[in-house]
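Step one of this worksheet: look at the structure below.
Derivation of every value follows stated rules applied to the coordinates shown; laboratory data play no part. Please read all numbers here as calculations on a predicted model, not as lab measurements. Virtual Cβ from ideal backbone geometry, glycine too; neighbours counted across all protein chains shown.
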Protein chains: 2
Amino acid sequence: MRLTSEEKEAIEVVDFGLNILEEVGAQIVVYVNTGRVCAKEIVLFPNQTCAEHRHPPFDGTPGKEETFRCRRGSVELWVDGELITLQPGEQFTIPPDTLHWFQAGDDGAVVSEFSTKSRDASDVFSDPRIVR
Amino acid sequence: MRLTSEEKEAIEVVDFGLNILEEVGAQIVVYVNTGRVCAKEIVLFPNQTCAEHRHPPFDGTPGKEETFRCRRGSVELWVDGELITLQPGEQFTIPPDTLHWFQAGDDGAVVSEFSTKSRDASDVFSDPRIVR
């Protein structure tokens, strides 16, 4: 993965306000996020979990649609209570407004996310303690 | 780049009907192409050119918007007559309905494309001999 120096400085370290980053969190590089399209890399530590959330409708759209493509390591993705395990080269598309969470395997994970526009502040988390 | 066996079988070799693939063409893996989002990898041979085209409006949208991110090699991207050179880790977003073409450098190129929905049959090429 090659990043510009601006991108390296802009890596988001997300701990969801829980302060247990190594267990619950994610490290994110946003490549592009226009009004229509977003692409990110999500890097997860071994067994690190991204907390359950959904992307609700906004502005007359059905909400953010995300395709997760595993690039390295492995990831267990739970979508509406169903488990999808992704190995490198495997992917899954999460419909808008659908609860999901995911956890890296023992070797961590690198996951590409291809989606409609990201509006992180609109995300709805199941854990009421979480602030995004 | 890790691909599933289905993806390997579905690699598109595009010669635009010109039958000079090594000079004008592209090799494309489509990861996802939903009604809202598309992601591809485009692999170019050394100095291979993707012919000039634009993505016109359709269905009340302004047309396809594309972000090209260079992953390996290098690519010269011409957008509305302006040259943008991309090295690994660099990217550029092409507005909808804007003429563009691109050519790999001497070592070829791997370019990720993040975009709105692809409708290749709607693309408008400057060379009237081209069939996509």
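Counting Lys +1, Arg +1, Asp -1, Glu -1, what net charge surrounds A:V131 among other residues with beta carbon under 12 Å of its beta carbon?
Numbers: positive: A:R129, A:R132; negative: A:D15, A:D120, A:D123, A:D127.
The answer is -2.
Over the alpha-carbon set of the protein assembly as shown, work out the extent along each principal axis and list the three values in angstrom, largest first.
Each principal axis gives a Cα extent; for the protein assembly as shown these are 59, 39, 36 Å.
State to the nearest 20 debye the size of the charge dipole of chain A about its Cα centre, where the only charges are +1 on K and R beta carbons and -1 on D and E beta carbons. Don't jump to the answer; show the numbers that get you there.
Values: 13 positive and 23 negative charges, 86 e Å.
Value, rounded to 20: 420 debye.
Along each of the three principal axes of the Cα atoms of the range A:1-44, give the extent in whole Å, ordering the values from largest to smallest.
For the range A:1-44, the Cα spread along each principal axis is 30, 24, 14 Å.
Which one, B:D59, B:D120, B:D97, has the greatest fluctuation when you compute a Gaussian network model over chain B with C-alpha springs under 10 angstrom?
Result: B:D59 has the largest fluctuation of those listed.
On each of the three principal axes of the Cα atoms of the range B:84-126, give max minus min coordinate, whole Å, ordered largest first.
30, 21, 16
I'd like the GluC sites (Glu not before Pro) in the range A:1-96 restricted to DSSP loop residues with at most 11 other Cβ atoms within 10 Å, sorted by number.
Details: sites: A:E6, A:E7, A:E9, A:E12, A:E22, A:E23, A:E41, A:E52, A:E65, A:E66, A:E76, A:E82, A:E90; in loops: A:E22, A:E23, A:E65, A:E90.
Answer by residue number: A:E22.
With charges set only on the Cβ (+1 for Lys and Arg, -1 for Asp and Glu), what does the dipole of the protein assembly as shown come to about its Cα centre, in debye to the nearest 20?
Details: 26 positive and 46 negative charges, 55 e Å.
I would put it at about 260 debye.
Once the Cα gyration tensor of the range A:35-126 is diagonalised, what are the square roots of 5 times its eigenvalues, in whole Å and ordered largest first, as equivalent ellipsoid semi-axes?
Working: eigenvalues 97, 37, 24 Å².
Each semi-axis is √(5λ); the values are 22, 14, 11 Å.
Could you pull out every one of the lysines with an alpha carbon less than 16 Å from that of A:K8, ignoring same-chain neighbours closer than 8 positions?
Leaving aside lysines fewer than 8 places away in the same chain, those within reach of A:K8 are A:K40.
Over the range B:1-98, what is the relative contact order in percent, taking alpha-carbon pairs closer than 8 angstrom and at least six residues apart?
Details: 156 pairs, mean separation 18.7, N = 98.
RCO, the range B:1-98: 19 percent.
Among A:G63, A:G35, A:G25, which one shows the highest mean-square fluctuation when chain A is modelled as a Gaussian network with alpha-carbon springs under 10 Å?
A:G35
How much net charge surrounds A:F114 when only the other residues with a Cβ under 15 Å from the Cβ of A:F114 are counted, with Lys and Arg +1 and Asp and Glu -1? Provide the component values of the computation, followed by the final result.
Working: positive: A:R36, A:K40, A:K64, A:R69, A:R71, A:K117, B:R36, B:K40, B:K64, B:R69, B:R71, B:K117; negative: A:E41, A:E65, A:E66, A:E90, A:E113, B:E7, B:E41, B:E65, B:E66, B:E113.
Here the count lands on +2.
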